[in-house]
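Everything below concerns the one structure shown next.
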Amino acid sequence: MPRLTDARKELRRAQITEAAVRCFDRNGLERTSIADITAESGLSTGSIYAHYNNKADLVQAAAREVLTQRAAVLG
């Protein structure tokens, strides 16, 4: 299987993060599972874990994404 380029890895991470933000918004942090994020992103569970160590890492990335979006609106 071909390796992903750095640019493609960043796009994949963004895809996962955006799916997580949508799931967290819809279901809340506690009620969102990795399976929910997998379904929302259209990627495999293995792909998600290749980019994030665990749900906590994904929550941090999602929080950074939301804060970045909010800062852009305010700035």
Checklist entry - What does the accessible area per residue of the chain come to in Å², with a 1.4 Å probe and no ligands, DNA or RNA counted? => result 70 Å²
Checklist entry - Taking the mean number of other Cβ atoms within 10 Å as a proxy for protection, how do you rank 46-57, 24-35 from highest to lowest? => result 46-57, 24-35
Checklist outcome for this item: For the chain, the accessible surface attributable to carbon and sulfur atoms (probe 1.4 angstrom, ligands and nucleic acids excluded) amounts in percent to 53 percent
Checklist entry - What is the local net charge at residue 33, summed over the other residues whose Cβ is closer than 13 Å to its Cβ (Lys, Arg +1; Asp, Glu -1)? => result 0
Checklist entry - Taking the Cα-to-Cβ direction at residue 26 and at residue 71 and moving 7 Å from each Cα, how far apart do the two end points lie in nm? => result 2.8 nm
Next on the checklist: Could you work out the relative contact order of the chain? I mean the mean sequence separation of Cα pairs under 8 Å and 6+ apart, divided by the number of residues, in percent.
Outcome noted: 35 percent
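Computed over the Cα atoms of the chain, what is the convex hull's projected area averaged over all directions, in nm²?
Seen from a random direction, the Cα hull of the chain projects 5.5 nm² on average.
The values are calculated or read from the model by the stated rules, or taken from the named source; none is laboratory data. Predicted model, so just to flag it, every value in this text is computed and none were measured. Positions of Cβ are backbone-derived with ideal geometry, glycine not excepted, and every protein chain shown enters the neighbour counts. Keep in mind that these areas ignore ligands, DNA and RNA; they rest on the heavy atoms of the full protein, side chains included. Shrake-Rupley method; radii C 1.70, N 1.55, O 1.52, S 1.80 Å.
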